[in-house]
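Engineer: Following this message is one structure expressed as structure tokens.
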Amino acid sequence: MRLYVIGDVHGHLDQLKAAHDRIFRDGGSDALIAHVGDLIDRGPDSRGVVDYLMTGRDRGRPWIVTRGNHDRFLPQYLLQPDWVDPGLSSRLHWTLHSGLGAPETLQSYGVDTAVSPDRMLDQARRAVPAGHIAYLASLPLYFLHPLALVVHAGIRPGVDLQDQAEEDLVWIRQGFLNSPQDHGPLVVHGHTAIQTATHYGNRLNVDGGAAYGRPLCAVVIEKDAVHLLTDAGRIPLEPKDLPCE
């Protein structure tokens, strides 16, 4: 039994396809692949990423995509334009926050982000396919597999899975990253960018920082081992003693 997991994509279609290719070479074209979310924002081709994953879904590929905090921004902007994500400490709107990557996402749909806010919203509503909005808004919050629990940000320690709050599943850091608690299944997550995929024993962070110019991580999880997939083959990921983010 194997489970493949890919980290935060952030609009990097070329890296996503390359990560899939590494997986296909390791486990075949029908490998089960989970993605931890954050498909959009910051990178150059958010539209292409969504198109690619939707096409895979429509073709029956065994690909799972969990919802990241960034995946909420575009649907909410189009459906409820004044919405500000409660997880943002800055309390700034997606289109006004300099670090979230809204311009890159909107530009990938052909939207002119130099126009007035009203014109930009009007363009976006005409440019973004309804299917993309529905897809992003319907992504599941987690994927529970016999080998691992895949979720975007993490979980609130000590809370049953069915009772976890969405805000924690897509935003949590403090309270999860520094917890040595055994969560039951290995929690595989992204959201907190580090240098490369790292195993901490009770959790596995697969966000290697593709949003910041580093390679998109793909890992393979088996019963007794975790490996990072590279162009040169597998690299074993041994558990570290303590969380460090």
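Only the coordinates and a few stated rules stand behind these numbers; no lab work does. Everything numeric here is computed off the predicted structure, so don't read it as measured data. Using ideal geometry, Cβ is built from the backbone for each residue, glycine included, and neighbour counts are taken over all protein chains shown.
Engineer: Could you list all residues from region 127-150 that are of a type in the set (Ser, Thr, Tyr) and surrounded by fewer than 17 Cβ atoms within 10 Å (Cβ to Cβ)?
Structural biologist: Passing the criteria: only Ser138.
Engineer: State which residue is surrounded by the fewest Cβ atoms within 10 Å (Cβ to Cβ) when the search covers only region 70-103 and only residues that are of a type in the set (A, V, I, L, M) and either part of a loop (DSSP other than H, G, I, E, B) or within 17 Å of the chain's Cα centre (by Cα) (or both).
Structural biologist: Leu96
Engineer: Right, another one. How many residues are in a strand (DSSP E or B) and either within 22 Å of Pro146 (Cα to Cα) or not small (Gly, Ala, Ser) (or both) when one looks only at region 187-245?
Structural biologist: Going through region 187-245 one residue at a time, the tally reaches 22.
Engineer: Further question on the same structure: May I ask you to list the residues in region 1-36 that are hydrophobic (A, V, I, L, M, F, W, C), in a loop (DSSP other than H, G, I, E, B) and under 26 Å from Ala124 (Cα atoms)?
Structural biologist: Selection gives Val9, Val36.
Rundown of residues vs (1) crowded, with 23+ Cβ neighbours inside 10 Å; (2) over 11 Å from the mean Cα position of the chain (by Cα); (3) more than 14 Å from Ala19 (Cβ to Cβ), yes/no style:
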| position | (1), (2), (3) |
| --- | --- |
| Val187 | no, yes, yes |
| Thr192 | no, no, yes |
| Tyr200 | no, yes, yes |
| Asp207 | yes, no, no |
| Arg214 | no, yes, no |
| Glu222 | no, yes, yes |
| Asp231 | no, yes, no |
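Engineer: Return yes when Leu39 is part of a loop (DSSP other than H, G, I, E, B), surrounded by fewer than 24 Cβ atoms within 10 Å (Cβ to Cβ) and of a type in the set (A, V, I, L, M) and no when it is not.
Structural biologist: For Leu39, the condition - part of a loop (DSSP other than H, G, I, E, B), surrounded by fewer than 24 Cβ atoms within 10 Å (Cβ to Cβ) and of a type in the set (A, V, I, L, M) - is not met.
Engineer: Next up: Considering region 161-177 alone, what residues qualify as being under 26 Å from Gly213 (Cα atoms) and in a loop (DSSP other than H, G, I, E, B)?
Structural biologist: Just the residues of region 161-177 that are under 26 Å from Gly213 (Cα atoms), to begin with: 169-174, 176-177.
Those that are under 26 Å from Gly213 (Cα atoms) and in a loop (DSSP other than H, G, I, E, B): Ile172, Arg173, Gln174, Phe176, Leu177.
Engineer: Regarding region 112-126, can at least one residue be identified that is hydrophobic (A, V, I, L, M, F, W, C), crowded, with 17+ Cβ neighbours inside 10 Å and either touching a strand residue (DSSP E or B) at 6+ places or on another chain (Cβ under 9 Å) or in a loop (DSSP other than H, G, I, E, B) (or both)?
Structural biologist: No, region 112-126 contains no residue that is hydrophobic (A, V, I, L, M, F, W, C), crowded, with 17+ Cβ neighbours inside 10 Å and either touching a strand residue (DSSP E or B) at 6+ places or on another chain (Cβ under 9 Å) or in a loop (DSSP other than H, G, I, E, B) (or both).
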